[in-house]
Amino acid sequence: MSSQFDLRGKIAIVTGAGSGIGKAAAIALARNGAAVVVNYLTNEQGAAETVAEIQEMRRNALGLRADVTKRVDVMRMVAETLDNFGRIDILVNNAGSIVKLMRIDDCTDEVWDQIMDVNMKSVFLCSQAVIPQMKEQRSGRIINISSLAAQFGGRGGSLPYAAAKAAVNSFTKGLASEMGQHSITVNAIAPGIILTPFHDQFSRPDRLQDVINATPLQRAGSPEEVAELIAFLSSEDAGFITGEVIGIDGGR
């Protein structure tokens with residue numbers, strides 16, 4: 001795909017950018033001119049591949065390991081971004097996971113907390129950490145990756161995940177309201193079935209096919225399709241869009 005949004009001079013942080021939607025987002029932002037901080041926790045190889053792919057485009061990329069559920073790691077990641085690039089224009093809160101499929105009867109405190117931390121607390125911590133810089137610049141884009149599951153409560157043992165993503169939607173709307181006066185937009189994207197390693201881990205092939213069959217467009221989406229929406233929301237073209245939860249789900 002060619003670049004179509006002018007993000008030259010912009011600095012982006014993408015959390016969980018070692019694979020899937022995060023990797024595609026980092027590459028799309030770079031293709032459109034941004035320098036990208038590629039965050040990861042465990043997938044060091046995936047993050048290195050993302051960085052290498054961006055550098056092949058003659059764009060600037062920096063891989064940073066940070067646990068986005070921990071304030072000290074998030075503050076260090078933001079500080080290192082500012083040390084390297086001097087500003088932060090775009091934050092893509094992509095890191096997230098179902099963690100473990102289990103019915104609510106069986107869900108332990110530990111699993112519940114893990115799911116809330118990686119899907120919701122990370123969005124709070126990362127957003128809070130970049131806001132002072134964005135306020136100073138009087139500009140910024142925060143894009144949160146939610147899920148279609150937030151609308152229907154999740155199925156097959158993913159209720160805690162769905163609840164966390166519903167919280168992300170609410171947080172997105174509230175933060176957009178608080179940040180509007182500072183010219184900072186905050187939006188969420190709610191993907192349906194997108195073919196990523198996520199589904200290799202958490203979806204049975206037959207169940208996945210059932211969902212694809214129930215999708216009006218009769219196919220799954222690609223990470224690149226989500227990434228194009230992220231690039232658009234990061235651009236000046238989307239300057240009057242804020243507080244939205246945008247579905248990208250083939251009509252489901």
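Just one of (1) closer than 22 Å to V14 by Cβ; (2) assigned to a helix (DSSP H, G or I); (3) not acidic (D, E) fails for A190. It is (2). Pairs meeting the criteria (first residue in the range 234-252 and under 21 Å from F152 (Cβ atoms), second residue at pLDDT 95 or above and among the β-branched types (V, I, T), beta carbons under 7 Å, at least 6 apart or on different chains) are V245/T172; I246/I189; I248/I189; I248/V226. The residues of the range 135-170 that are closer than 22 Å to A25 by Cβ and among the charged types (D, E, K, R), listed by number, are R141, K165.
Among the candidates S127, S122, S139, which residue alone is at pLDDT 95 or above, surrounded by 21 or more Cβ atoms within 10 Å (Cβ to Cβ) and closer than 18 Å to G243 by Cβ?
On the way: S122 fails: closer than 18 Å to G243 by Cβ; S139 fails: surrounded by 21 or more Cβ atoms within 10 Å (Cβ to Cβ).
Step by step, each of S127, S122, S139 is checked, and only S127 is at pLDDT 95 or above, surrounded by 21 or more Cβ atoms within 10 Å (Cβ to Cβ) and closer than 18 Å to G243 by Cβ.
So, S147, is that one within 11 Å of the chain's Cα centre (by Cα) and among the hydroxyl-bearing types (S, T, Y) or not? Here the answer is yes, as S147 does meet what is asked. Under the condition of being assigned to a loop (DSSP other than H, G, I, E, B), in contact (Cβ under 8 Å) with a residue 60 or more places away in the chain and not charged (D, E, K, R), the residues counted in the range 10-40 number 6.
The set of residues in the range 212-229 being without any contact (Cβ under 8 Å) to a residue 24 or more places away in the chain and surrounded by 13 or more Cβ atoms within 10 Å (Cβ to Cβ) consists of I212 alone.
Picking from A190, A214, which residue would you name as being over 24 Å from N32 (Cβ atoms) and small (G, A, S)?
After applying the criteria, what remains is A214.
So for the range 109-119 (the condition being surrounded by fewer than 16 Cβ atoms within 10 Å (Cβ to Cβ), within 26 Å of A34 (Cβ to Cβ) and over 20 Å from the mean Cα position of the chain (by Cα)), does at least one residue qualify? So far as the range 109-119 goes, no, none of its residues is surrounded by fewer than 16 Cβ atoms within 10 Å (Cβ to Cβ), within 26 Å of A34 (Cβ to Cβ) and over 20 Å from the mean Cα position of the chain (by Cα). Scanning the range 50-66 for residues that are part of a helix (DSSP H, G or I) and free of Cβ contacts under 8 Å to residues at least 12 places away in the same chain yields A52, Q55, E56.
When you go through A150, A166 one by one, which is the residue that is touching a Lys or Arg at 6+ places or on another chain (Cβ under 8 Å) and in a helix (DSSP H, G or I)?
Just a single option satisfies the conditions, and that option is A150.
Within the range 150-176, the set of residues being over 27 Å from D237 (Cα atoms), within 15 Å of the chain's Cα centre (by Cα) and hydroxyl-bearing (S, T, Y) comprises just one member, Y161.
The values are calculated or read from the model by the stated rules, or taken from the named source; none is laboratory data. If you're wondering where the values come from, they're calculated on a predicted model, not measured in any experiment. Ideal geometry is used to build each Cβ from the backbone, glycine not excepted, and the neighbour counts take in all protein chains shown.
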